[in-house]
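Since the structure comes first, as structure tokens, the remarks are kept for the end.
The values are calculated or read from the model by the stated rules, or taken from the named source; none is laboratory data. Since the model is a prediction, treat every value here as computed from it, not as a measurement. Virtual Cβ from ideal backbone geometry, glycine too; neighbours counted across all protein chains shown. Note: accessible area is taken over every heavy atom of the protein model, side chains too, but ligands, DNA and RNA are not part of it. Shrake-Rupley method; radii C 1.70, N 1.55, O 1.52, S 1.80 Å.
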Amino acid sequence: MGEDDKGNSGLKSISEVAQETSIPESTLRYYDSEFGDFLDIKRDAANRRLFDEKDTRQIMYIRRLLKKDGLSVKQVKDRLAVEKDLTSTGVRPLDESSLNQFSERLRQIERQQDLLVKAVETNLKEVRHI
């Protein structure tokens, strides 16, 4: 960072965060545009993004939800909105273990839902052929 950024100690540039997280700069920009309501990325005088540790943790969380948990962008936004609402009302967010259990249960329910939809579709096809 240059001379303009002396007042931003503890903040990192997009290239530093990209190197630290192995997330490409273009993806970080995309996350900022898509999930900006759930990030608090600051800007310097030249309008360059500046990330603090909280931003970096939130980006890694978003990445995990998208890549590891396989959620869609909309599902991630919905989850982040719920978590933001819970935090603002004083409800403590889930710890990592509870979150993993919740995510696995949610995947099981979604698999069951898919099976039920397929069963209903099969039954409808059979009824139509009678």
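Points worth noting:
- Note on Q113 and A81: the model spin-label points, each 7 Å out from Cα along the C-beta direction, lie 1.5 nm apart.
- Between helix 25-35 and the chain: long-axis angle, C-alpha atoms, 0 to 90°, nearest 10: 60 degrees
- Carbon/sulfur fraction of accessible area - the chain, other protein chains in place, 1.4 Å, %: 53 percent
- For a straight C-alpha distance cut-off of 20 angstrom, the lysines reachable from K74 (same-chain residues fewer than eight places away being disregarded) are K84.
- A 1.4 Å probe run over the protein chains yields, for the range 51-130, 76 Å² of accessible area per residue, whole-number rounding.
- Cα shape, the range 66-124, gyration tensor, a/c 1.5 rule: prolate
- Alpha-carbon centroid distance for the pair the range 50-109 / the range 26-43, whole angstrom: 15 Å
- Take R57: with every protein chain present and a 1.4 Å probe, its accessible area is about 150 Å².
- Helix 73-88 axis, angle to the chain major axis (alpha carbon atoms, nearest 10°): 70 degrees
- With the simple spin-label model, which puts each label point 7 Å out from Cα in the Cβ direction, the V120 to S72 separation comes to 1.7 nm.
- The charge dipole of the chain, taken about the Cα centre with unit charges on the Cβ atoms of Lys, Arg (+1) and Asp, Glu (-1), comes to about 520 debye, rounded to the nearest 20.
- Rg/Rh, computed from the Cα trace of the range 1-80 with Rh as the Kirkwood radius, has the value 0.99.
- On Cα atoms only, tilt of 53-67 relative to the major axis of the chain in degrees: 30 degrees
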